Amino acid sequence: YGGPKSALYVSTNSGQNWSVVTGGFPSNTSTLGRISMDISNSNPQIIYALIANSNGYTGGLYKTSNGGNNWSVVNSSAAGSSNYAWFNRICKVNPTNPNQVFCGGLYMEVSTNGGTSFPTVFSSIHVDHHAVAFAPSNTNFIVIGNDGGIDFSTNGGTSFTASPKLPVTQFYEWDVS
């Protein structure tokens, strides 16, 4: 959930050496928790990082437009509808549109303006979001993975439909006698 040296680290020499990312990104703090990030395929200088605080609440959505040299908080409440940020945290940018960002926690939220606002919140699909994937041949086809299975969109994320034929269940605990 965090620790005294919690930070985002980067290597520029294939992992031989690592340094703490600074330039406005929170670092070396015990209050920094889980980080979910994504690099824009269409503009690799744009990187988003959705962070959680060690108390389980959202720490905000950070963005850099210069490859990670300078970071700023673009939205302090993204995916902040619960205190489960240590458990369910996903940030994914559309591979062809660097301004469309999906941020999931308890609910899935979508921004079309680079994370400044999240006017679309999908509260009608299952909760606890963990994954987002775009079809390589058609980025209007999007699949979300959550605790209820998968939901998919064929219209670029305007609406999502639960997969009705996938028999998914979730076990938290079980015992054998």
Full extension between Ser30 and Ala162 adds, at 0.36 nm per residue less the Cα distance, a length in nm of 43.7 nm
Just grab the label-to-label distance for Asn43 and Val121, each label 7 Å out from Cα along the Cβ direction, in nm (one decimal). 2.7
Below 23 Å, Cα to Cα, which lysines can Lys5 reach? Residues fewer than 8 away in the same chain don't count. Lys63
Take the Cα atoms of the chain, build their convex hull, and give its volume per residue in Å³. 157
Here, Ser137 and Thr154, labelled 7 Å along Cα→Cβ, have an inter-label distance in nm of 1.5
Overall Cα dimensions of region 81-177 - principal axes, largest extent first, Å: 53, 31, 21
Would you pull out the residues with amide H under 5 Å of Val132's amide H, same chain only if 5 or more places away, H placed 1.01 Å from N? Gly145
For region 58-138, what is the accessible area per residue in Å² when the probe is 1.4 Å? 41
Rounded if a/c is under 1.5, else prolate if a/b is larger than b/c, else oblate: which is region 14-100, with a ≥ b ≥ c the root eigenvalues of its Cα gyration tensor? oblate
Counting Lys and Arg as +1 and Asp and Glu as -1 over every other residue whose Cβ sits under 11 Å from the Cβ of Met37, the net charge comes to +3
Rounded percent of accessible protein surface that carbon and sulfur make up, the chain, 1.4 Å probe: 50
Theoretical gain in end-to-end length, Thr96 to Val73 [0.36 nm per residue, Cα-Cα removed]: 6.0 nm
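The values are calculated or read from the model by the stated rules, or taken from the named source; none is laboratory data. No experiment lies behind these values; they were computed from the predicted model shown. Note that each Cβ is placed from the backbone with ideal geometry, even for glycine, and that neighbours are counted across all protein chains shown. Just the protein is used for accessible areas: all its heavy atoms, side chains included, with ligands, DNA and RNA removed. Shrake-Rupley method; radii C 1.70, N 1.55, O 1.52, S 1.80 Å.
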